[in-house]
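Peer 1: A single structure is presented below for examination.
The values are calculated or read from the model by the stated rules, or taken from the named source; none is laboratory data. Please read these numbers as outputs of a predicted model, since none were measured by experiment. Positions of Cβ are generated from backbone atoms using ideal geometry, with glycine treated the same way; all protein chains shown enter the neighbour counts.
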Amino acid sequence: MRMPLSVTTLTHAQACRTISQYAGTCNARRPWRWAARCMLAALVMPTLTSVAKPQPTLAQLQLEINTLQHDVVALQQAQSNRQFDAWQADRIRSIAAAAIAASLRHPPPITAGYRAEGFFIQSSDRSFQLNINAVLQVRYTFSADEATGYQNLHLDGTPAGTPSAGDASGFGLRRARLILSGYLQHSLIYSFAGDFAGFSSNAGNFQIQDTWLGWRFARWLKLRAGAMLVPFTRYEYIASGTELPEYPMIAEPFDAISSLGIDAMGLLNHNHISYNLQINNGSRAKFGNPLTLDNRLGFYGRVQLAGAGTVADFHDSPDLQNHQHLVWMIAAAAGFESQNSSATAYPAPQKTLQIPGLSTPTGAGFYPPYVANGNLYRAASDLHAKYRGLAFNGAVYLQQINDALPAGQTTDLFRQAFGRSSLWQLGYSAELGQFIVPHRWEVVGRFDQLLNQGGNKTCQEYTVGLNYYLYGEHAKVQSAVTYIPNGAALTDPFAGTVANTQDIIGEIQVQLKF
């Protein structure tokens, strides 16, 4: 075998492989030649390993330098871009932090919205708030009044004629009320409320309701002054507009409704106890002008204790919340006021305190409202419970009427009619409501009675009803039928009753409230 002559043209690796193969062949065939050719391979290998690569030209070196410079510039640019991105991110964070700080120092002045309690407008720091609420109640009433053995009377007990009887029906606005309330700087509280429905004596004009100004020292103490509800009957003071049917007629003789005055109120023991103490101008005296009143002050107070649940659970009558555990509340109220209705009273007679529903043992019927002249003592107690759609509301009212002989007069009509200088009047009410479909359909029933000391005429009131709640108290439809078997104790245009008649009254009412 010939040894290749073009060894120098081989790479180092190829030469090594060729010599190794050739030496191996020699070893296998002729051992004596193997040693000589191995010596030749040893002489050739250094020559092969010393063969150098061709040297690059200047142009090639310049090209490589240019390429390296380009890569260096690219690396420097990438590093610069990363540094700029980091700087830009820091800058954006700094600008955002400055903008947030500026917005906190200078917040948007006003925000507005709607929540469960109604519409509101408030400052972003909540130092000012205006709540906007309204109640609209449209009612259809049908009243069938039948003559009974009862007769109308004058205050001296003499007959005043047969009571009116017959059927009457029509539509009316029970309430069309707008209420603006809120606070300034968290402490100054206010309310302005009026009713566009008004009373018949107001010819349907706008009539002021709760309108007062107060100061909130803490949740347990608020002081107010102005026209306010008198804290006595729950139906007027707490549940007005949320009754199961309309409030009972027998509560009318005891209801002070509203007056002008000052009060202190608050919540104690984590909303389990509430109280209200009030000094006012007397019953139903919120529209009074000091020049037409004798200004004998009235004093009222009410305390509510929620033994299970909280006081807030009883801001409405039905169990809309469908309480899964029994909640209950008891309350007590008391009042005292004095009135001088004498013709010689200075600066004028005071006649806001009128007591309806009085009767005597020998009278032919209930008397018209008696204009009190003297002291009046009142007390009330009520009990409420809710459990799984069932609601119970019970109340007892008592008042002691004391008569004083009008100055400059020798005839006392009170003594002449009732044969005494004082008498008590008692009323009680019990109602049940049960949701047959939770939060939607509710059936109700109620019984009420009015009694007078020494009077043989009593008034009983039986009511059944069906209510449908479209959206809680915000939108509901109420219907009720009331039966007064013996004779109504008083005439009440809202209740549809006529004094001394047997009444069957049907009502359907639609309510919108926010």
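Peer 1: Select from region 219-249 the residues that are acidic (Asp, Glu) and closer than 15 Å to Ser259 by Cβ and list them in ascending order. Before you say what the answer is, go through the steps one by one.
Peer 2: First, the residues of region 219-249 that are acidic (Asp, Glu): 236, 243, 246.
Within region 219-249, Glu236 is the sole residue that qualifies.
Peer 1: Looking at region 299-358 only, could you name the residues that are of a type in the set (Phe, Trp, Tyr) and in a loop (DSSP other than H, G, I, E, B)? Talk me through it step by step, then tell me what you get.
Peer 2: If we filter region 299-358 for residues that are of a type in the set (Phe, Trp, Tyr), which is where we start, we get 299-300, 314, 328, 336, 346.
Within region 299-358, Tyr346 is the sole residue that qualifies.
Peer 1: Further, regarding this structure: Yes or no: region 325-345 includes at least one residue that is of a type in the set (Phe, Trp, Tyr), out of contact with any Asp or Glu (no Cβ under 6 Å at 6 or more places or on another chain), surrounded by fewer than 17 Cβ atoms within 10 Å (Cβ to Cβ) and in contact (Cβ under 8 Å) with a residue 24 or more places away in the chain. Quick ask: steps written out before the conclusion?
Peer 2: Initial filter on region 325-345 (of a type in the set (Phe, Trp, Tyr)): 328, 336.
Still in the list and also out of contact with any Asp or Glu (no Cβ under 6 Å at 6 or more places or on another chain): 328, 336.
Filter again for surrounded by fewer than 17 Cβ atoms within 10 Å (Cβ to Cβ), leaving 336.
Subset that is in contact (Cβ under 8 Å) with a residue 24 or more places away in the chain: 336.
There is at least one residue in region 325-345 that is of a type in the set (Phe, Trp, Tyr), out of contact with any Asp or Glu (no Cβ under 6 Å at 6 or more places or on another chain), surrounded by fewer than 17 Cβ atoms within 10 Å (Cβ to Cβ) and in contact (Cβ under 8 Å) with a residue 24 or more places away in the chain.
Peer 1: Determine, yes or no, whether Thr233 is of a type in the set (S, T, N, Q), under 24 Å from Leu353 (Cβ atoms) and without any contact (Cβ under 8 Å) to a residue 40 or more places away in the chain.
Peer 2: Values: of a type in the set (S, T, N, Q): yes; under 24 Å from Leu353 (Cβ atoms): yes; without any contact (Cβ under 8 Å) to a residue 40 or more places away in the chain: no.
No, not satisfied.
Peer 1: Regarding region 448-469, can at least one residue be identified that is touching a residue at least 24 places away in the same chain (Cβ under 8 Å), part of a strand (DSSP E or B) and touching a His at 6+ places or on another chain (Cβ under 8 Å)? Step through it out loud before you land on a result.
Peer 2: Step one: filter region 448-469 for residues touching a residue at least 24 places away in the same chain (Cβ under 8 Å), giving 448-461, 463, 465-469.
Add one more test, that the residue is part of a strand (DSSP E or B), and what stays is 448-452, 459-461, 463, 465-469.
Adding the requirement that they be touching a His at 6+ places or on another chain (Cβ under 8 Å) leaves 469.
Yes.
Peer 1: Would you point out which residue out of Tyr428, Tyr377, Tyr468 is surrounded by fewer than 20 Cβ atoms within 10 Å (Cβ to Cβ), among the aromatic types (Phe, Trp, Tyr) and farther than 22 Å from Ala332 by Cα?
Peer 2: Values: Tyr428 fails: farther than 22 Å from Ala332 by Cα; Tyr377 fails: farther than 22 Å from Ala332 by Cα.
None of the other options fit; the residue is Tyr468.
Peer 1: Suppose we filter region 276-286 for residues that are at pLDDT 95 or above and buried (at least 20 other Cβ atoms within 10 Å of the Cβ); how many remain?
Peer 2: Going through region 276-286, the residues at pLDDT 95 or above turn out to be 276-279.
Adding the requirement that they be buried (at least 20 other Cβ atoms within 10 Å of the Cβ) leaves 276, 278.
The total comes to 2.
Peer 1: Then there's this: Yes or no: region 140-155 includes at least one residue that is among the charged types (D, E, K, R), in a strand (DSSP E or B) and modelled with pLDDT of 90 or more. Before the answer, list the steps.
Peer 2: The first filter runs over region 140-155 and keeps only residues among the charged types (D, E, K, R), leaving 145-146.
From the residues that got through so far, the ones that are in a strand (DSSP E or B) too are 145-146.
Cutting the leftovers down to modelled with pLDDT of 90 or more gives us 145-146.
Within region 140-155, one or more residues are among the charged types (D, E, K, R), in a strand (DSSP E or B) and modelled with pLDDT of 90 or more.
Peer 1: Let me ask you something else. Restricting the first residue to region 260-282 and requiring it to be over 15 Å from Ala312 (Cβ atoms), which pairs with a second residue that is modelled with pLDDT under 95 and basic (Lys, Arg) meet a Cβ separation below 7 Å and a spacing of at least six or different chains?
Peer 2: Between residues of region 260-282 that are over 15 Å from Ala312 (Cβ atoms) and residues that are modelled with pLDDT under 95 and basic (Lys, Arg), the close pairs are Leu260/Lys286; Gly282/Arg296.
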